[in-house]
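Every read-out reported here was derived from the displayed coordinates using simple, explicitly stated rules and does not represent laboratory data. All of these numbers come straight from a predicted model, not from anything done at the bench. Heads up, the Cβs are rebuilt from the backbone with ideal geometry, glycines too, and the neighbour counts pull from every protein chain shown.
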Amino acid sequence: MNHPLFDRILTVNLICSTAVFYAGARIYILPKIKEMNPQVLLVPILILHSFRHLGLMFLTRGATYPGMPPQFAYPAAIGDFITSVLAFIAIPFTVKNLRGWRFPVWVFNIVGSVDLMIAIVQATIYGAPAYMGAAYWIPSFWVPALLVTHYIVFVVLIGKGT
């Protein structure tokens, strides 16, 4: 089954899943941001992103097929791990509403957003989708949720409601 369309299925999954997550955020979260306490909204997002250590799966035999391009796997795995640590570090600052709590949240959100953009580009450049194996769920489901929640964090940090 070697057809050019099959090379783009992950792209379709990524776009469709992002649209679904965004629709949910647009209906349930974004209209209420101005009336919500930022900490109440941000802590669950930080907890979600603390699980990004799961991106290390790209380095694991059995989770990916042999031949996974290291030019994609290592930066994606390490970037996800660093982002998970940054999100986890930001949790107590945010929960306790400590002075300057926004700084670790900004750092996490910028690093995490850039990491996802780089991973998406490198996966495309190096043909990583063909080697995803069991790790396919990460870019088809997990990354769209992460992209939308990064957007929500930016909206909260900038202070805009919709």
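Hey, what angle do you get for helix 143-158 against the long axis of the chain, alpha-carbon based, 0 to 90 degrees rounded to 10?
Its long axis makes an angle of about 30 degrees.
Can you give the longest run of the chain that contains no trypsin sites (Lys or Arg not before Pro) sitting in a DSSP loop with at most 15 other Cβ atoms inside 10 Å? Working shown, then result.
Numbers: sites that count: Lys96, Arg99, Lys160.
In the chain, the maximal stretch lacking such sites is 1-95.
Consider just the alpha-carbon atoms of region 95-162 and return their Rg together with their Dmax, both in angstrom.
15.0, 46
First select every other residue whose beta carbon is under 14 angstrom from the beta carbon of Ala76; then total the charges, Lys and Arg +1, Asp and Glu -1.
Working: positive: Arg52; negative: Asp80, Asp115.
So the surrounding residues net to -1.
From the residues Ser140, His150, Tyr65, which one has its Cα farthest along the dipole of the chain in the positive direction, the dipole being from +1 and -1 charges on Cβ of Lys/Arg and Asp/Glu about the Cα centre?
Of the options given, the answer is His150.
Please state the charge dipole magnitude for region 4-158, taken about the Cα centre, from unit charges on C-beta atoms (+1 on K and R, -1 on D and E), reported in debye and rounded to the nearest 20.
Details: 9 positive and 4 negative charges, 80 e Å.
Value, rounded to 20: 380 debye.
Taking a spot 7 Å from the Cα of Val111 along the direction of its beta carbon, which residues of region 66-86 have an amide N less than 13 Å from it?
Output list for this probe position: 78-86.
Using the alpha-carbon atoms, what tilt in degrees (0 to 90, nearest 10) does helix 70-95 show relative to the longest principal axis of the chain?
So the inclination is approximately 20 degrees.
Take the alpha-carbon centre of region 74-111, take the same for region 14-56, and report the distance between them in whole Å.
15
Which semi-axes, in whole Å and largest first, does the equivalent ellipsoid of region 4-158 have when worked out from the alpha carbon gyration tensor as the square roots of 5 times its eigenvalues?
Numbers: eigenvalues 170, 64, 23 Å².
Over the Cα atoms of region 4-158, the semi-axes work out to 29, 18, 11 Å.
At 0.36 nm per residue, and after removing the present C-alpha to C-alpha distance, how many nm does the segment from Asn97 to Val121 gain when stretched out fully?
Numbers: separation 24, 0.36 × 24 = 8.64 nm, distance 3.57 nm.
Stretched out fully, the Asn97 to Val121 stretch lengthens by 5.1 nm.
How large is the helix-only mean residue ellipticity at 222 nm for the chain, computed as the sum of -39500 (n - 2.57) over DSSP H runs with n ≥ 4, divided by its residue count, in deg cm²/dmol to the nearest 500?
Working: 5 runs with 99 residues, N = 162.
Calculated mean residue ellipticity at 222 nm is -21000 deg cm²/dmol.
Give the angle, between 0 and 90 degrees and rounded to the nearest 10, that separates the Cα long axis of helix 9-28 from the longest principal axis of the Cα atoms of the chain.
That works out to roughly 20 degrees.
Please report the net charge: other residues with Cβ closer than 10 Å to the Cβ of Ile138, K and R +1, D and E -1. Let's see the in-between values first.
Values: positive: Arg52; negative: Asp80.
The answer is 0.
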